[in-house]
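The structure under discussion appears below in the form of structure tokens.
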Amino acid sequence: MTVSGKKQTMGFDVPSSGDNSVVAATAQRGSSPQNCPVTLAAGEATPKRPETPFRESNEDEFASVPTPGRSAGKARQAIDIKAELEKRQGGKPLLNLVIIGHVDAGKSTLMGHLLYLLGNVNKRTMHKYETESKKAGKASFAFAWVLDETGEERDRGVTMDVGMTKFETKSKVVTLMDAPGHKDFIPNMITGAAQADVAVLVVDASRGGFEAGFEAGGQTREHALLVRSLGVTQLAVAVNKMDQVNWQQERFQEITSKLGHFLKQAGFKESDVFYIPTSGLSGENLSTRSLVSELTTWYSGLSLLEQIDAFRPPQRSVDKPFRLCVSDVFKDQGSGFCITGKIEAGYIQTGEKLLAMPPNETCLVKGITLHDAPLDWAAAGDHVSLTVTGMDIIKINVGCVFCDPKEPIRVCTRFRARLLLFNFEVPITKGFPVLLHYGTVSEPATITKLLSVLHKSTGEVLKKKPKCLGKSMNAIVEIQTQRPVALELYKDFKELGRFMLRYVGSTIAAGVVTEIKE
């Protein structure tokens with residue numbers, strides 16, 4: 001059993017020392033040393049035996065093999081994660097990019113066309129989408145179908161879930177997340193934005209199109225506020241559908257001045273916001289600079305791809321304890337199941353033990369996959385799929401956090417936080433019900449105490465125990481959740497100390513965790 005146990009923990013690789021283990025095994029069975037060569041020769045088929053890992057194994061038996069756990073610990077010390085990260089992808093840093101904007105601004109078409117121009121979608125597939133979309137009477141949706149893959153998304157013509165794909169620029173490897181723009185799917189959009197480092201905000205340049213997204217009820221403002229509150233500091237604004245207004249410079253300037261003023265209020269630095277005139281349908285100014293004379297007379301800046309390439313890669317928290325927020329759980333073939341999510345901090349290797357919180361269950365990592373390629377290790381910033389065993393799939397939900405058993409994440413139902421309230425009409429009082437969006441979690445909660453109102457820039461206390469909180473205020477409050485949630489303090493883990501509060505379909509506040517109570 002030790003042999004099969006050893007093979008199992010190694011994933012699907014048979015250890016090169018396999019021959020010795022067979023010798024050891026035969027010796028244990030009491031066969032004479034002279035017989036050993038015979039056993040090996042007769043057992044030429046032995047190397048074919050590592051089908052064992054694929055069998056539905058008894059997980060208790062799996063857990064009872066202590067040795068691999070120790071050796072995995074040694075292996076962990078042996079890896080120089082920073083050097084390995086530099087070697088990976090030829091030294092190209094990883095960038096997680098989310099595409100946001102009002103519904104119908106052309107996000108999916110823009111990115112679908114960019115992926116096609118980069119060769120990520122072959123001509124045959126593209127031709128299939130074109131003919132299918134024409135049959136459905138939606139010829140202009142062909143490129144959007146590259147990212148909107150479900151039947152319902154295609155029927156309704158709107159993105160509903162976060163589509164994820166990968167492409168490369170000259171100096172970066174980019175994980176692209178196409179977030180839904182419709183206000184019914186903002187919770188899905190928050191999940192996508194929480195996993196992003198940088199964002200592309202797509203606005204519609206057509207007459208009335210920009211105004212519909214930007215004025216009251218549009219999603220342009222809310223999306224920009226959300227990504228800023230979730231820690232995105234660099235933003236590219238793709239002013240899309242410029243071909244519909246004949247590439248007019250006046251229209252472009254009108255949009256950038258309105259947006260610029262708002263984005264500055266939202267907390268973006270002017271030097272970190274970049275405006276690019278584009279056309280998702282015709283593909284102008286996406287992967288290469290446009291040659292359209294109406295545009296080149298007044299615009300000589302970067303194309304969208306060049307701008308994505310120019311983003312600064314963020315600092316990854318590889319030195320901190322391991323943290324991964326689960327965004328999906330599914331059953332895999334064979335034993336165990338898979339969880340997917342973004343590694344927020346630390347790194348992981350196959351054969352290591354992990355702790356899942358809040359369920360407080362441990363499991364063993366059997367395999368790691370990044371962009372459909374199997375790996376031995378993965379680090380902060382990677383969107384991975386982990387195959388785990390030794391735990392019941394029923395206990396794991398979207399929003400659970402997998403962490404290092406030696407340094408677990410804290411779990412509580414009550415915590416204190418600093419809130420920044422948005423332009424929200426109803427005053428917030430004690431006992432106010434909200435929906436807490438944290439990482440990939442969406443959890444009903446209540447604001448149980450209003451502790452103080454703070455000065456926006458200095459943070460000094462202006463008023464203690466206020467009766468209610470109004471729009472644009474900064475305050476310290478206590479929040480109680482219905483079920484336990486795994487949280488970190490903002491000062492320790494910025495990625496896991498941020499959250500959003502929503503109420504009846506609109507986002508009312510962004511917050512950071514300052515104190516965990518119980």
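The values are calculated or read from the model by the stated rules, or taken from the named source; none is laboratory data. Keep in mind that what you see is a predicted model, and the values were worked out from it rather than measured. Methodologically, a virtual Cβ is constructed for each residue, glycine included, from the backbone with ideal geometry; neighbour enumeration extends over all protein chains shown.
Which one of these is over 30 Å from Ile81 (Cα atoms), among the aliphatic types (A, V, I, L, M) and either loosely packed, with under 14 Cβ neighbours inside 10 Å or in contact with a strand residue (DSSP E or B) (Cβ under 8 Å, 6 or more places away or on another chain) (or both): Leu375, Leu469, Leu386? Selected residue: Leu469, the only one of Leu375, Leu469, Leu386 that is over 30 Å from Ile81 (Cα atoms), among the aliphatic types (A, V, I, L, M) and either loosely packed, with under 14 Cβ neighbours inside 10 Å or in contact with a strand residue (DSSP E or B) (Cβ under 8 Å, 6 or more places away or on another chain) (or both).
All of (1) under 30 Å from Phe499 (Cβ atoms); (2) modelled with pLDDT of 85 or more hold for Gly217 with one exception: (2). Can you name the condition, by its number, that Thr429 falls short on among (1) in contact (Cβ under 8 Å) with a residue 60 or more places away in the chain; (2) farther than 26 Å from Val318 by Cα; (3) surrounded by fewer than 20 Cβ atoms within 10 Å (Cβ to Cβ); (4) β-branched (Val, Ile, Thr)? Answer for Thr429: the failing condition is (1). Just wondering, is there one or more residues in the stretch 222-236 that are in a loop (DSSP other than H, G, I, E, B), at pLDDT below 90 and surrounded by 21 or more Cβ atoms within 10 Å (Cβ to Cβ)? Checked against the condition, which is being in a loop (DSSP other than H, G, I, E, B), at pLDDT below 90 and surrounded by 21 or more Cβ atoms within 10 Å (Cβ to Cβ), the stretch 222-236 yields at least one hit.
Within the stretch 118-129, the set of residues being modelled with pLDDT of 75 or more and in a helix (DSSP H, G or I) comprises Lys123, Arg124, Thr125, Met126, His127, Lys128.
Pairs meeting the criteria (first residue in the stretch 268-296 and of a type in the set (Phe, Trp, Tyr), second residue part of a helix (DSSP H, G or I) and modelled with pLDDT of 90 or more, beta carbons under 7 Å, at least 6 apart or on different chains) are Phe274/Gln307; Tyr275/Thr256.
If you check Glu478, Glu515 for being at pLDDT 90 or above, in a strand (DSSP E or B) and loosely packed, with under 15 Cβ neighbours inside 10 Å, only one passes: Glu515. State yes or no: is His371 in contact with a Lys or Arg (Cβ under 6 Å, 6 or more places away or on another chain), within 29 Å of Leu489 (Cβ to Cβ) and not assigned by TED's automatic domain parsing to the domain that holds Leu487? So His371 fails the test.
Among the criteria (1) modelled with pLDDT of 75 or more; (2) part of a loop (DSSP other than H, G, I, E, B), the one Leu115 does not fulfil is (2). Residues in the stretch 97-115 that are under 26 Å from Asp382 (Cα atoms) and surrounded by fewer than 24 Cβ atoms within 10 Å (Cβ to Cβ) were compared, and the one that is nearest to the chain's Cα centre (by Cα) is Leu97.
Please determine, by comparing only the residues of the stretch 469-509 that are hydroxyl-bearing (Ser, Thr, Tyr) and under 24 Å from the mean Cα position of the chain (by Cα), which one is nearest to Leu421 (Cα to Cα). Per the stated criteria, the residue is Thr507. Restricting attention to the stretch 389-407, the residues being surrounded by 18 or more Cβ atoms within 10 Å (Cβ to Cβ) and under 21 Å from the mean Cα position of the chain (by Cα) number 7. Of the listed requirements (1) modelled with pLDDT of 90 or more; (2) touching a Leu at 6+ places or on another chain (Cβ under 8 Å); (3) in a strand (DSSP E or B), Ile308 misses just one: (3). Selection within the stretch 197-212: residues that are over 16 Å from Val273 (Cα atoms) and surrounded by 24 or more Cβ atoms within 10 Å (Cβ to Cβ). The member of this set that is nearest to the chain's Cα centre (by Cα) is Asp204.
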